[in-house]
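Structure, as structure tokens:
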Amino acid sequence: MPLSRDQVRHVALLARLGLEPGDEDFYAEQLSGILRHIDRLQELNTDAIPPTAQVVEVAATLRDDEPRPCLTQEEALANAPAAVGGRFRVPSIQEDA
Amino acid sequence: MSDPTHLTISELRHLLDERELSAQELLGLHLERIEAADSDVKAYLRLTSTKAAEQAQAADRALRDGSAGPLAGIPMAVKDVLCVKGVETTAGSQILKGFKPPYTGTAVQRLFDAGAVMLGVTNCDEFAMGSSTENSGYFPTHNPWGLDRVPGGSSGGSAAAVAAGEATFSLGSDTGGSIRQPAALCGVIGMKPTYGRVSRYGLIAFASSLDQIGPFTRSVEDCALVLQTMAGHDPLDSTCADRPNDVTRGLHDGVDKMRLGVPREYFEVEGMEPGVRLAIQKALNTLESAGAELVDVRLPHTDYGLAAYYIIAPAECSSNLARFDGVRYGMSEQDAQNITEAYMKTRRKGFGAEVRRRVMLGTYALSSGYYDAYYLKAQKVRTLIKQDFDAAFAGCDAIVSGTSPTVAFPIGSKTQDPLSMYLCDVLTLGGNLAGLPGISVPCGMSDGLPVGLQVLAPQWREDIALRVARAYELAADMRVEVALVD
Amino acid sequence: MTDHSGWEVVIGMEVHVQPTTRTKMFCSCAIAPLNAAPNTHTCPVCLGLPGVLPVINKAAVEACLKTAVALDCEIPRHTKFDRKNYMYPDLPKGYQISQYDLPMSHDGHLDVGEQRVRIRRVHLEEDTGKLVHAGDKLHKAWESFVDLNRAGVPLMEIVSEPDIRSAEEARDYAMALRTLLRTVGASEADMEKGQLRAEPNISVRRAGSTELGVKTELKNINSFRNLYRAIDFEVQRQIEALESGHGVVQETRGWSDAEQRTFSQRTKEFAEDYRYFPEPDLPPLELDPAWIEELRRSLPELPEARRRRLVAQYGLPTADASLIAAERELADLFEGAVRAGADAKPAANWIIGEVAPGGIVPTITQLADVVKLVSSGSITRDQGREVLAESIRSQRSAAEVVAERGFAQVSDESELEAIVREVIADNSKAAADYRAGKKQALGALMADLKKRAPQANPSITNRLLQKLLG
Ligand SMILES: [Mg+2]
Ligand SMILES: [Zn+2]
């Protein structure tokens, strides 16, 4: 099924991807093309087939509750684009500020 | 002594042990080779010469006092998706420009512990998404066998580095074919282990349920050695299995009486080049004359693999890439009215077109109302594809086919049509969906460009894939040539 | 308590509890103390750096299973973790590892007094970091700052069915849950420390109506008192909104402690779509029935059962039994004291009257001794209070304190009779008045007696006085 511009806008917002001029057409056209190929999946009847999330049989291992050394504050913030007073700085989290 | 930059690990080991060559001399020769060749090939994003010098020095010390590990002094290149403490690691993306991990991933650390010398970080498609390394956020890499051609991808830099004598071995990651396909296109050996064989701790995730780290080498024996060295249980990766690390078992036992499955579907795929089909046919004959029995096997859901893959991989990547938000590291658009605007600006600017395309596709496939039709459906088809392989392996020990339907294609020839690029992986992504080990070995040329033979084995049977590959290497008297020597 | 006549209140509780662990849910960082400097308890994993992977903390799973068993939940053979995808600065990975369709446990119940609240599910997840905002109020903030010490701290999410019908029931449910969690040792469940966060989902409907009204969810409630107040306020607000015809909007509302009211927290969560899918970095978790049986067997007696037993075994009034059973420490103290020879009823009275309000808990022997000394009449009730307080303070036995203070009462009749005679002689006027029928004159004589012989057993001296005056 082809992707409408509204869908593109909605998905871009969910994915937190900004849209620049031409992007909506770009995605609508290219994603629709890929989805056209993907839609062949619908040919298969999979009602009786269980889904595979992990293909290799491994049981989760549990970790002992033993503390290990943490990074220092300096190490934690070393790659931060903006940090103030030992914290990461971000623009207002208020949407309609 | 022939040029050390052309030799295999085992050949170099001999020279190092016999003191005919020091690790530091070997390092110097490689830096010279990189100096000479990489302006054309562009395999490396950045060199780590200081680190290399330290490691080479340590290796020489170890070689002298007899404490040398199996890879002491051996020059290695590392794909830009593997975190190394203090070394800028960017996944080929502008969004991670300048990021220096405070830790080293498990696989790389094990190779360091074995004495390997890290030359530098190799180019790749951004976040390993691509089959040509043209999606690098920095520059494309060129195929040493034809500089106007792509090296394949996403691990194109690592494949090209080994092919051009710029490293003795290198590391890549394989999510849909990203080791095997560039190995084929660059005429080197590349292997993707069973999912869960090598720890993913330190591998910048593309699609977590498909990613595996693997080696590029010049001989099957080298491939087994490097894999053996980095494989095995890791308490830091819950999906890394705790089971015997026996990949080198029976490496030289040959293929006599072995049943090799030939899946018809893999010879009828869209865009299969006649030259490639011919080279593969020749390789199969060689294996047969080496004693193997070729049997027909069926993989009936092959035509659906690409579709399932292009839901599952983007869905996982859309979630894995959510952490690139400009808050804790990487590119950041701080000039924004609010956090959402900052996210959208940063990610629009920092991600390239292919990454954005897949994040959009994956987000859509997981979004409410479409989950069942796409993501869940794809997971069920993944089950069918796994069942295809189980059935096939019931009738054979390993599956042999081409690695890529085509030889290296001209740079720019597929960038406009994503689907045509995706089709590069039709023969390899099945192995990822089913979690199988797979290896690609060079099996001759077509139009002067390398062709790769793929051997797939059941889960945890790397030993079989390696044994078949080694048998072919021997029977065909195949030796990985270093390209671009004048 | 506001009037809700004509309306029925429907409340479901979503409670997030921090299990008692030394390290975080998916990495080996130590749990940060409340006063820790920002970003000093992080590692590549909980910072969400590229290339890292989660590993499940066994202690968190065990705490969650203990809780599930204590809540009589069904526990499946297999459970799995899922990713809840949304981008927010306090969520480093851009998704929260939680549990969606295969939670650690489901379908249990918690009995609160005579009332049963059904538990829908108990699952494990990870906490987010902390945001601080420039500017006093969130809506004035132009920038925010992120501390990830709390990011990745384990959380149990305990979701009830909408079986709760009032603010006090909701509060009692939360308190009963806290007691249960402490009893099984799953969590300290200290609300002030944020170890227990209660988020009620509230709706009202016309009495007798069967379909649910539009609900609101209340957040940032930091005490049981405020839990009660917030719900009471919100219920009234909803009733007024409906009666005035405005209707209720489905939304998340915050509780303002300062203003004692709830306020809309619409942070424009446009088209929230969490895109849950199985966490590919964690294989499914097998829950060995043997392990769960082991936990079931090692579980201590649960508060509700103990309350019933205190009534049955010691004949305590239900109210007293509830009060004592509500705190494991008090219940242990009570039964210990009785075992040490104290009578049940006075022991209970001392605990309810003296220990519970004071907060400082004596040792079993300290309490038992005081209760016995008072019951035997060798010291007065007031002296008993003093002895208890002092023996707790100085960590000495009641006997030592009694000796030091010379509290031991004189009960020897002949000895006391002599003193009483003196008192009568030296207070001839009061004595005469008493004999003349002024009964209140006895007070003066008693006072003088108390001055001369503070340790005199009052009941005996009283009897003697009346005898000798009569
Ligand atoms: Mg929750
Ligand atoms: Zn951590």
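Total accessible area buried between chains B and C, 1.4 Å probe, in Å² to the nearest 100?
2700 Å²
Per the Debye formula with a single identical scatterer at each Cα and no solvent contribution, what log10 I(q)/I(0) holds for chain C at q = 0.05, 0.08, 0.14 Å⁻¹?
-0.30, -0.65, -1.35
Check each residue of the stretch C:65-111 and keep those whose accessible area, probe 1.4 Å, is at least 10 Å² smaller with all protein chains in place than in the chain alone; give them in order of residue number.
C:R83, C:N85, C:M87, C:Y88, C:P89, C:P92, C:K93, C:G94, C:Y95
Under 13 Å from the Cβ of C:K429, count the other residues' Cβ atoms, weight Lys and Arg +1, Asp and Glu -1, and hand me the total. Walk me through the numbers before you get to the answer.
Values: positive: C:R435, C:K438; negative: C:D426, C:D433, C:D448.
Local net charge: -1.
If I compute solvent accessible area with a 1.4 Å probe over the protein chains, what percent of it on the stretch B:125-182 is carbon and sulfur? Kindly include the intermediate steps, with their values, before the conclusion.
Numbers: 370 of 700 Å².
Roughly 53 percent, rounded to a whole number.
Consider just the alpha-carbon atoms of chain A and return their Rg together with their Dmax, both in angstrom.
22.5, 58
Round to a whole number: what % of the accessible area of the stretch B:269-322 belongs to carbon and sulfur, probe 1.4 Å?
48 percent
With a 1.4 Å probe, how much accessible area is buried between chains B and A, both sides summed, in Å² to the nearest hundred?
Interface area, both chains combined: 5600 Å², rounded to the nearest 100.
Could you please tell me the mean projected area of the C-alpha convex hull for the stretch B:164-265, averaged over all directions and given in square nanometres to one decimal? Walk me through the intermediate numbers first.
Working: hull surface 32.8 nm².
Averaged projected area of the stretch B:164-265's Cα convex hull equals 8.2 nm².
HN-Hα J couplings of the stretch B:174-185 from phi, Karplus 6.51/-1.76/1.60, θ = phi - 60°, integer Hz, Gly and Pro as x?
For the stretch B:174-185, the Karplus-derived couplings read 10, 10, x, x, 5, 9, 5, 5, x, 4, 4, 6 Hz, x marking Gly and Pro.
Along the positive direction of the dipole of the stretch A:48-95 (beta-carbon charges: Lys, Arg +1; Asp, Glu -1; about the Cα centre), which of A:A59, A:V84, A:I49 reaches farthest?
Of the options given, the answer is A:V84.
Top to bottom by accessible area (1.4 Å), largest first, where do A:L77, C:L287 land?
Working: A:L77 30, C:L287 5 Å².
Correct descending sequence by accessible area is A:L77, C:L287.
Using the Cβ atoms and a cut-off under 14 Å, what net charge is assigned to the surroundings of B:V108, where Lys and Arg are +1 and Asp and Glu are -1?
+1
B:D253 to B:S39: FRET efficiency via 1/(1 + (r/R0)^6), r the Cβ-Cβ distance, R0 41 Å, to the nearest 0.05?
That pair, B:D253 with B:S39, gives E of 0.40.
Taking beta carbons within 10 Å but only from partner chains, what does the mean come to for residues B:6-15?
0
How are the alpha carbon pair distances in the stretch B:108-235 distributed across 10 Å bins from zero to the largest one, expressed in percent?
It works out to 15, 48, 32, 4, 0, in whole percents.
For the stretch C:140-247, restrict the atom set to alpha-carbon positions and state the Rg and Dmax in Å.
In order Rg, Dmax, the Cα atoms of the stretch C:140-247 give 16.7, 49 Å.
Within 10 Å of each Cβ of B:328-335, how many other protein chain Cβ atoms are there on average?
Neighbouring Cβ atoms belonging to other protein chains average 6 per residue here.
Helix C:58-70 versus the longest principal axis of chain C: what is the Cα-based angle in degrees, 0 to 90, to the nearest 10?
60 degrees
Can you list the residues in the stretch B:86-130 whose accessible area drops by at least 50 Å² when all protein chains are present, compared with the chain alone? Use a 1.4 Å probe, heavy atoms only.
B:P102, B:Y103
Give the carbon-plus-sulfur fraction of the accessible surface of chain C in %, rounded to a whole number; probe 1.4 Å, heavy atoms of protein chains only.
Numbers: 10630 of 20190 Å².
Its accessible area is 53 percent carbon and sulfur atoms.
As a test, work out the antiparallel percent of DSSP beta bridges whose residues both lie in chain B, rounded to the nearest 5.
Approximately 65 percent, going by the DSSP bridge assignments.
Can you tell me the orientation of helix C:289-298 relative to chain C, as the angle in degrees between its alpha-carbon axis and the longest Cα principal axis, to the nearest 10?
20 degrees
Please give me, ordered by residue number, the trypsin sites (Lys or Arg not before Pro) of the stretch B:186-290 that lie in loop per DSSP and have at most 12 other Cβ atoms within 10 Å.
Filter output for the stretch B:186-290: B:K257.
Counting pairwise Cα distances across the stretch C:314-411, what percent come out greater than 16 angstrom?
50 percent
Would you mind giving the three semi-axes, in whole Å and largest first, of the ellipsoid equivalent to the stretch C:371-414 according to its Cα gyration tensor?
With the √(5λ) rule applied to the stretch C:371-414, the semi-axes are 19, 11, 8 Å.
Please report the accessible area of C:W142 (heavy atoms, 1.4 Å probe, ligands and nucleic acids excluded) in Å², nearest 10.
150 Å²
For the protein assembly as shown, restrict the atom set to alpha-carbon positions and state the Rg and Dmax in Å.
Rg and Dmax of the protein assembly as shown, Cα atoms, are 37.5, 139 Å.
Please give me, ordered by residue number, the GluC sites (Glu not before Pro) of the stretch C:250-350 that lie in loop per DSSP and have at most 13 other Cβ atoms within 10 Å.
C:E259, C:E269, C:E272, C:E301
Find, among the trypsin sites (Lys or Arg not before Pro) in the stretch C:202-283, those assigned to loop by DSSP (not H, G, I, E, B) with at most 10 other beta-carbon atoms within 10 angstrom. Show your work: numbers first, answer last.
Values: sites: C:R205, C:R206, C:K215, C:K219, C:R225, C:R229, C:R237, C:R253, C:R261, C:R266, C:K268, C:R275; in loops: C:K215, C:R266, C:K268, C:R275.
Listed in order of number, the matching sites are C:K268.
Summing Lys, Arg as +1 and Asp, Glu as -1, what charge do residues with Cβ under 15 Å from the Cβ of C:V371 carry, C:V371 excluded? Please report the intermediate quantities before stating the final value.
On the way: positive: C:R339, C:K345, C:K372, C:R381, C:R385; negative: C:D320, C:E335, C:D343, C:E354, C:D369, C:D382, C:E386.
Overall, the nearby charge balance is -2.
List the lysines whose Cα sits under 21 Å from the Cα of C:K193, skipping any in the same chain fewer than 8 residues away.
Excluding near neighbours in sequence, the set is C:K24, C:K130, C:K219.
What is the extension gain from C:R452 to C:D288, computed as 0.36 nm multiplied by their sequence separation minus the C-alpha to C-alpha distance, in nm to one decimal?
51.7 nm
In square angstrom, rounded to the nearest 10, how much accessible surface does B:T106 have for a 1.4 Å probe?
B:T106 exposes around 20 Å² with every protein chain in place.
With each run of n ≥ 4 DSSP H residues scored as -39500 (n - 2.57), what mean residue ellipticity at 222 nm is computed for chain C after dividing by its residue count and rounding to the nearest 500 deg cm²/dmol?
When only DSSP H runs of four or more count, the value is -12000 deg cm²/dmol.
Buried accessible area for the C:A pair, summed, 1.4 Å probe, in Å² rounded to 100? List each step's numbers first, then the result.
Working: alone 23310 and 9680 Å², together 29060 Å².
Adding both sides of the contact gives about 3900 Å².
Place a label point 7 angstrom from the Cα of A:R5 along the Cα-to-Cβ direction, then list the residues of the stretch A:19-60 whose backbone nitrogen is under 15 Å away.
Only A:19-30 fall inside the zone, counting backbone N under 15 Å.
Per residue of B:374-380, count partner chain C-beta atoms within 10 Å of its C-beta, then hand back the mean as an integer.
6
Might you tell me the accessible area per residue for the protein assembly as shown, computed with a 1.4 Å probe and given in Å²?
Working: 38960 Å² over 1053 residues.
On a per-residue basis, 37 Å².
Looking only at Cα atoms, what is the convex hull volume of the stretch C:10-101 per residue, in Å³?
Spelled out: Cα convex hull of the stretch C:10-101, divided by residues, is 161 Å³.
On a 1.4 Å probe surface of the protein chains, which of B:M331, B:M421 comes out largest in accessible area, and what is the full order? Spell out each step's value before the answer.
Numbers: B:M331 45, B:M421 15 Å².
The ranking, largest first, comes out as B:M331, B:M421.
What FRET efficiency, computed as 1/(1 + (r/R0)^6) with R0 = 51 Å and r the Cβ-Cβ distance, is obtained for C:T252 and B:Q387, rounded to the nearest 0.05?
Working: r = 45 Å, r/R0 = 0.89.
After rounding to 0.05, the efficiency reads 0.65.
Compute the Cα gyration tensor for the stretch B:259-301, then decide on rounded, prolate or oblate, letting a ≥ b ≥ c be the square roots of its eigenvalues: rounded whenever a/c is under 1.5, prolate when a/b is larger than b/c in the other cases, and oblate in all that remain.
Oblate is the answer for the stretch B:259-301, as a/c is 1.5 or above yet b/c matches or exceeds a/b.
Go ahead and estimate [θ] at 222 nm for chain B from helices alone: -39,500 (n - 2.57) per DSSP H run with n ≥ 4, summed, over the residue count, rounded to 500.
On the way: 15 runs with 182 residues, N = 486.
Result for chain B: -11500 deg cm²/dmol, rounded to the nearest 500.
For chain A, find the longest principal axis of its Cα atoms and tell me its angle to the long axis of helix A:5-14, 0 to 90°, nearest 10.
Between helix and principal axis, roughly 20 degrees.
If you count the DSSP beta bridges with both ends in the protein assembly as shown, what percent of them are antiparallel, to the nearest 5?
On the way: 86 of 108 bridges.
Among the beta bridges of the protein assembly as shown, antiparallel pairing accounts for roughly 80 percent.
Could you give the size of the charge dipole of the stretch B:365-486 about its Cα centre, using +1 on the Cβ of each K and R and -1 on the Cβ of each D and E, expressed in debye and rounded to the nearest 20?
420 debye
Could you give me the percent of Cα pairs per 10 Å distance bin for chain B, shortest bin first, beginning at zero and ending with the bin that holds the maximum distance?
Per 10 Å bin, starting at zero, the Cα-Cα P(r) for chain B comes out as 5, 22, 33, 27, 11, 3, 0, 0 percent.
Which values of log₁₀ I(q)/I(0), to two decimal places, follow from the Debye formula for the stretch B:65-146 at q = 0.11, 0.17, 0.24, 0.26 Å⁻¹ with a uniform point scatterer at every Cα?
Those come out to -0.35, -0.73, -1.11, -1.19, one per q.
Plugging the Kirkwood radius over Cα pairs into Stokes-Einstein for the stretch B:291-386, at a temperature of 37 °C and a viscosity of 0.692 mPa s, what D comes out in µm²/s?
Rounded, D is 210 µm²/s.
Scale the Cα Rg of the stretch C:61-123 by the rule-of-thumb value 2.2 N^0.38 Å and send over the ratio, two decimals.
Rounded to two decimals, the normalised Rg is 1.35.
Under the 0.36 nm per residue contour assumption, what length would be gained going from the current alpha-carbon distance of C:R206 and C:R308 to full extension?
On the way: separation 102, 0.36 × 102 = 36.72 nm, distance 3.56 nm.
Roughly 33.2 nm would be gained on extension.
The values are calculated or read from the model by the stated rules, or taken from the named source; none is laboratory data. These numbers were taken from a predicted model, which means no experiment stands behind them. Note that each Cβ is placed from the backbone with ideal geometry, even for glycine, and that neighbours are counted across all protein chains shown. These area figures cover heavy atoms from the full protein model, side chains too; ligands, DNA and RNA do not enter into them. Shrake-Rupley method; radii C 1.70, N 1.55, O 1.52, S 1.80 Å.
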